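Heads up: the structure comes next, in structure tokens.
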There are 2 protein chains.
Amino acid sequence: MSEHSSVQAELSRNSETSEPVLDNLVTVTYRHRVGNLADRLAALRDWLQDDLSDLDAALGRVVAMPTTDVAWDAAQYLLQQSGKRVRPLCVMLGARMGGRLFDDDVRQVAIAAELVHTATLLHDDVIDQGAERRGVSTARMVYGNAASVLGGDHLLIDALRRVETVDLKVMSKLLTVIADMVSAEALQLEMRKSFRPDRDIYLRIVEGKTAALFRWSLEAGGLLGGLDAQVAQTLGEVGQHLGMTFQLVDDLLDIDGDPSEMGKTGCLDLAEGKLTWPTILAAERCPETAALLKKIATDHVDVAAANLTEVVARIRNTGAIDDTRAEAQRYAELAMVALEALPVGAARDALKTVVESALRRTR
Amino acid sequence: MSEHSSVQAELSRNSETSEPVLDNLVTVTYRHRVGNLADRLAALRDWLQDDLSDLDAALGRVVAMPTTDVAWDAAQYLLQQSGKRVRPLCVMLGARMGGRLFDDDVRQVAIAAELVHTATLLHDDVIDQGAERRGVSTARMVYGNAASVLGGDHLLIDALRRVETVDLKVMSKLLTVIADMVSAEALQLEMRKSFRPDRDIYLRIVEGKTAALFRWSLEAGGLLGGLDAQVAQTLGEVGQHLGMTFQLVDDLLDIDGDPSEMGKTGCLDLAEGKLTWPTILAAERCPETAALLKKIATDHVDVAAANLTEVVARIRNTGAIDDTRAEAQRYAELAMVALEALPVGAARDALKTVVESALRRTR
């Protein structure tokens, strides 16, 4: 049995269960080396340690400007927070899959991926009027809206200029992705304060806001690595599914996460009435819960003051949390299946580890 | 005597007087056709009427999106206000100088110039927390900060995508210009609330915020028109000086303009403690005025309530208003001189009219 068909068999056999599927998928190529996810992540970190250090150093220099400037401070503030750097890692691994190491061009594109992400966070905080992100004050609370707007503009243009010097086709794709991100953010803004449990709208928002940049990061890496356009596109699909997995797990953690482990307050999305997959499912299944969620979205709920335990319990009772976990897993599996069509090697193994850790993360 | 040396002679002969110099400069090539500025502007409008209508129609379609979306509404709101469309006009005339009409590619680049300008206005209003722009409520007051941030992002990316389809070199230059604009805005933000009458800082801010986009618009037009890089660069210099003229006249109108004619409240910059050329000159010349201006910048002055007549009188007494007018004229003359080196023709004549009207405008 070929590796790919064995994966398919695993998938259909295990479609009702949860983590074992992925475990099996990952270990098809991985278990013989290191046993569990933590070990594989450690191995991945060891493998790319020099490149990741390079990246962090380069990100530290992005806003090292001659003037001390509040807008750059706002950008720096966010860049320095120990981010997961998942998008640059995608660029790095995409290039590796084509046999290209983390040279200066790949580094520029990897940096750009993180800068675009950071720029949207800066603008999002102004748009959402957010006070905290992951337990830390948002840049706009520290430096003001003005600095966050300008800091975001600065990073966005900086990112485009970096990619432009490397590859014009990749830059053109980045422009499209940023346009998608802005459209998705606008759609989310439009939906705010009017909880409308619409799956199609949710998917459009998440594809634009989250999945598009993951897709670009992997595809860009693959193109820089010299992979055929078709193969790079498949890498992009992996990114698309990885991004969806990421967002669905974010949705889960908001409602079901352990605040002490996450390092942030729970139920922020819930209190803001943001459309998430578990709230959509719960609203579909229970009219009372739908009405309650609508009320939360319409009113302004203070998360710190409000007791949302009952709402969370209602959502849980509909089975929405379990089914969101299953949905996240479904996307992770789609990513794994797409990966099976890609060249065998350490980069592919590493991407499987990334997908699995995206699904299993607790913060 | 060649046309150019005759202009130089006029300049040196009339260097102490005001408008006649420009009048002479413009009429070297223009007076034999139409007599005064109003007539020349009318002739210019007739000449380009179809192109300008095309442009307005195209700008009306920019944000005609399928969804009714508050972020696009914010962008549309600003785009629909009867702007001067000076930047697209520069693109148009630059291309005409090279013999290229307002075809689709030129139109895309002209639209991009207006979109970048509008995007920065949208973000500036959030940054400045402005309530009015030219007597009309700012988009952020109508649609909120969120829509203004997103609307600005949308227009910026839209502009870049349009230029990218036309000419990659021109797009690369636009990225640099936007980076300059953001840097200048950040510098202005840094200087806020601490009135520091520094000419160098003022020039850096104005070159970035205003002159850079004028420079790009004319140079881009010239490059699209097939002019040599050197000639296009001279067109860019014209744009640079034109932008400086524009800003200095803006500074003048803020302090010395007729609010009923301008269609906006006067002394807005003054009340915000923004660095302008007349306030810098006044502060240099009179320590008491400098202290007063510093106090205005540090405190928060309500323009509607405050009586700034005395401050304006003090500024006027230092001669700062007259000398700002002279400085604006100096830049207009630099633009005229640069124009003399460019190909003779209707486009050059039209640009002279634009420069002169920038200097003489009262709103």
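A simple spin-label model places the labels of residue A:61 and residue A:233 3.7 nm from each other, with each point 7 Å out along Cα-to-Cβ.
A crude spin-label estimate for the pair residue A:309 and residue B:309, with each label 7 Å from Cα along the Cβ direction, gives 6.6 nm.
Quick one: B:102, A:214, fewest Cβ neighbours within 10 Å first, how do they rank?
Working: B:102 19, A:214 28.
Exposure proxy ranking, most exposed first: B:102, A:214.
Across the identical copies, the 7 Å label point of residue A:291, projected outward along Cα→Cβ, sits 6.8 nm from its counterparts, in ascending order. In this assembly of identical copies, the label point of residue A:341 (Cα plus 7 Å along Cα-to-Cβ) is separated from its counterparts by 5.7 nm, sorted shortest first. Each of B:267, A:286 has some number of other Cβ atoms within 10 Å of its Cβ, and from fewest to most they run A:286, B:267.
A point 7 Å from Cα along Cα→Cβ stands in for residue A:229, and the other copies hold the same point at 2.9 nm, listed in rising order. As a proxy for reagent exposure, ranking B:172, A:217 by other Cβ atoms within 10 Å from fewest up yields B:172, A:217.
Values in this text are rule-based calculations from the coordinates and carry no lab data. In this text, all values refer to a predicted model and were calculated from it rather than measured experimentally. Note that each Cβ is placed from the backbone with ideal geometry, even for glycine, and that neighbours are counted across all protein chains shown.
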